[in-house]
Structure formats: C-alpha cells, structure tokens
Amino acid sequence: MANLAKIIIVDAGPLAAAASPGEAANHAWAVKALGAPRGRFVTFESALAEAQHATGNDARAIARLRAYVSKMDVVPVATRKENREKLYDKITRHAPRMDLADACAVALQEEMPNSFVLTLDHEDFSAYRVPFGSPKGMFYA
C-alpha cells in the first residue's frame, strides 16, 4: 500500500475503526493498514478528537486508540496560526463536504512530500484530489 509513499497521514476513520472491533465493516482493514510498518505514521489533533468521539468514549477502545497513537507522530495543524486561513479556505471551497479534520489531512499531505492520507472517506478524498488509501485501494491525484 505505501510503497510509493513513506509518510502515511492517518485520518480519524482508520483510527476509530482499528480501535473499535464493533466497527466490523472496516476494523480488519484498519488494523492491517495501521499494523504494517510501511513508513512514518502521522496524525493530527482533530483526527484524534474525531476518532475518540467515534468510539463512543468506550474505555477499551480508547486504550486501543492510545496504543496506535503512541506509535505515530502527532503534528499540530489547526492550532498553528499560519494554517488557519488556509484551512478555512479549503473548507469553504469544498463545502459542505469538507470538515476541519479533512482540511487538516489535505493540508498535511500538501506539506509533506511522499505522503498519502489513510482514510475511510473514499468519496470525500476523491473530490479533494490528494493521494490517499482507503478500503477500496490506493488512489493518486
């Protein structure tokens, strides 16, 4: 999956799916995608917030989420002042499809050469025109 990219930007969906075995449709895919040492895994603050919320704040799921995140770099995106206008410009351009977490993932992908976004949001990321991987495969802009 990550042969062409060394940086894997992890969106909220794969984090939540891997942490929640009850997410049957995507759990196995997410565990496999996050378990393979294919490069540097990176996530960001809004993905963590969305992923935790998606787990229903279940203590066991949060413990699994914590274990996954401990192996990743968590980089600030929305909290960096210089990014705010760019993020909201992206959100406005892709409204109503794009939320803050999606904008952060896209902004990181644009900043980081040789990267792609790992996501469950196949339809949305197809519209954003950035390289991404989803349960449907790898897609390049």
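The table below lists the values:
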read-out: Sum of side-chain charges, PHE125 neighbourhood, beta-carbon under 12 Å (Lys, Arg +1; Asp, Glu -1); value: -2
read-out: Net lengthening on full extension, HIS53/PHE139 (0.36 nm per residue, minus Cα-Cα); value: 28.2 nm
read-out: Between 0 and 90°, nearest 10: helix 100-111 axis offset from the chain longest Cα axis; value: 70 degrees
read-out: Gained length - LYS6 relative to ARG60, 0.36 nm times residue gap less alpha-carbon distance; value: 16.4 nm
read-out: Point-to-point label distance, LYS71-ARG40, nm (Cα→Cβ direction, 7 Å offset); value: 1.8 nm
read-out: Crossing angle, helix 84-93 versus the chain [Cα axis fit, 0-90 degrees, rounded to tens]; value: 90 degrees
read-out: Under 18 Å, Cα to Cα: Lys pairs in the chain, sequence gap 8 or more or different chains; value: 5
read-out: From the coordinates shown, semi-axes √(5λ) of the Cα gyration tensor in Å corresponds to which of (1) 24, 19, 14; (2) 33, 14, 12; (3) 22, 17, 15; value: (3)
read-out: Crossing angle, helix 24-35 versus the chain [Cα axis fit, 0-90 degrees, rounded to tens]; value: 80 degrees
read-out: Whole-number percent relative contact order across the range 1-120, with pairs defined as alpha carbons under 8 Å at least 6 apart; value: 37 percent
read-out: Summed residue charge, Cβ within 13 Å of GLY39's Cβ, Lys/Arg positive, Asp/Glu negative; value: +3
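The numbers here are math on the coordinates, done by the rules we state, and not lab data. Fair warning: this is a prediction, and the values are worked out from it, not measured in the lab. Ideal geometry is used to build each Cβ from the backbone, glycine not excepted, and the neighbour counts take in all protein chains shown.
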